[in-house]
1. Tell me, yes or no, whether segment 83-90 has at least one residue that is over 34 Å from the mean Cα position of the chain (by Cα) and more than 19 Å from residue 177 (Cβ to Cβ).
2. Looking at segment 107-141, which of the residues that are acidic (Asp, Glu) and closer than 24 Å to residue 95 by Cβ is farthest from the chain's Cα centre (by Cα)?
3. Just to verify a result, which residue in segment 116-168, among those that are open to solvent by less than 100 Å² (accessible area, probe 1.4 Å) and either outside any helix (DSSP H, G or I) or touching a strand residue (DSSP E or B) at 6+ places or on another chain (Cβ under 7 Å) (or both), is farthest from residue 18 (Cα to Cα)?
4. Please specify each residue of segment 73-97 satisfying the condition of being hydrophobic (A, V, I, L, M, F, W, C) and in contact with a helix residue (DSSP H, G or I) (Cβ under 6 Å, 6 or more places away or on another chain).
5. Scan (1) open to solvent by less than 90 Å² (accessible area, probe 1.4 Å); (2) not in a helix (DSSP H, G or I) for the single condition residue 92 breaks and write down its number.
6. If we scan segment 55-62, do we find a residue that is hydrophobic (A, V, I, L, M, F, W, C) and within 30 Å of the chain's Cα centre (by Cα)?
7. I'd like to know if segment 104-115 contains one or more residues that are surrounded by 13 or more Cβ atoms within 10 Å (Cβ to Cβ) and touching a residue at least 40 places away in the same chain (Cβ under 8 Å).
8. Against the condition open to solvent by 90 Å² or more (accessible area, probe 1.4 Å) and at pLDDT below 85, how does residue 57 come out, does it pass?
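The values are calculated or read from the model by the stated rules, or taken from the named source; none is laboratory data. Remember, it's a predicted structure, so these values are computed and weren't measured experimentally. Methodologically, a virtual Cβ is constructed for each residue, glycine included, from the backbone with ideal geometry; neighbour enumeration extends over all protein chains shown. Surface accessibility is based on the protein's heavy atoms, side chains included, excluding ligands, DNA and RNA. Shrake-Rupley method; radii C 1.70, N 1.55, O 1.52, S 1.80 Å.
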Amino acid sequence: MKNFLDIDEQIELNNKVLDFYYSSYQKTQSKISILVLIYSVIAIYILQIIKYPFETFSDSNLVSIIIYTILLLGFIGLLSISIRNTYLLLKPIDVAYLHYPKHYYTEIKSQYEKSLNTKNEDILNAYIKATYLHELEKAVKHNSYLFEIKSKYYDFAFKSALAAVLTYLLCTGFVIFKDEKPKDFNLKNYKEIILEVDSLNSNNNKSIIMTDKKETPKQDSDKVKVDPDKVIKTEPKMIRENFSKTEKRDSSNSNNSDKKNE
């Protein structure tokens, strides 16, 4: 059991927690690549999405224009929230680091020698530990807050980016599958088309009949006769698996093969 009232144990524990926050903060910053990937996907059709209502305003009906405008405004709002939180995530901020070790056993030591007016190493060592622990606790407190706030920025940026992707896909559907007027199909020469289809069908039927006539079945005399007594009988390869059923089958097969060999 750790003694939490012992200063050495407190220093060790705070050092571990500080290292954890250092590494966690770096991992949070490295997640920016996921957001960049989402933004790059959005950038594919973003110009077409913005230009769409201006290009098709006169051709589209009022309901589709209202729906698309709502989706477009939602997309722009969510994307703006995501970009803002991404900026706050990447914004430089003060990270607490400890002083170099020599600072404690030289500068802090000389200060204690003057203030306490003593050269006793045990007393000086106790006070230097207390100074180091105090600085360590300050760094842990500051970096824990830093890790929490950066994690919130990433969480908001990621969730709003996913929501923006949803509205982006809906807006893209309007752009890709926009209403087009059906093409006129002229049926003035429908009789000629029917005649051509009939002629094609008749030609296909004739070709099938000709191919059937050309193919002659092979005679049984051409086939090689196999003597069943001369056929080499092989057993399938059994691989044991981690299932009880297969093990039972394998054991039964092995027993059968042993009986045959006997």
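1. No, there is no match, as no residue in segment 83-90 is over 34 Å from the mean Cα position of the chain (by Cα) and more than 19 Å from residue 177 (Cβ to Cβ).
2. Once the filter is applied, the top-ranked residue is 107.
3. Among them, the one singled out is 118.
4. 75, 78, 79, 81, 88, 89, 96
5. Checking residue 92 against (1) open to solvent by less than 90 Å² (accessible area, probe 1.4 Å); (2) not in a helix (DSSP H, G or I), the one that fails is (1).
6. Checked against the condition, which is being hydrophobic (A, V, I, L, M, F, W, C) and within 30 Å of the chain's Cα centre (by Cα), segment 55-62 yields no hits at all.
7. Looking for residues that are surrounded by 13 or more Cβ atoms within 10 Å (Cβ to Cβ) and touching a residue at least 40 places away in the same chain (Cβ under 8 Å), one finds none in segment 104-115, hence no.
8. Judged against the criteria, residue 57 is a match.
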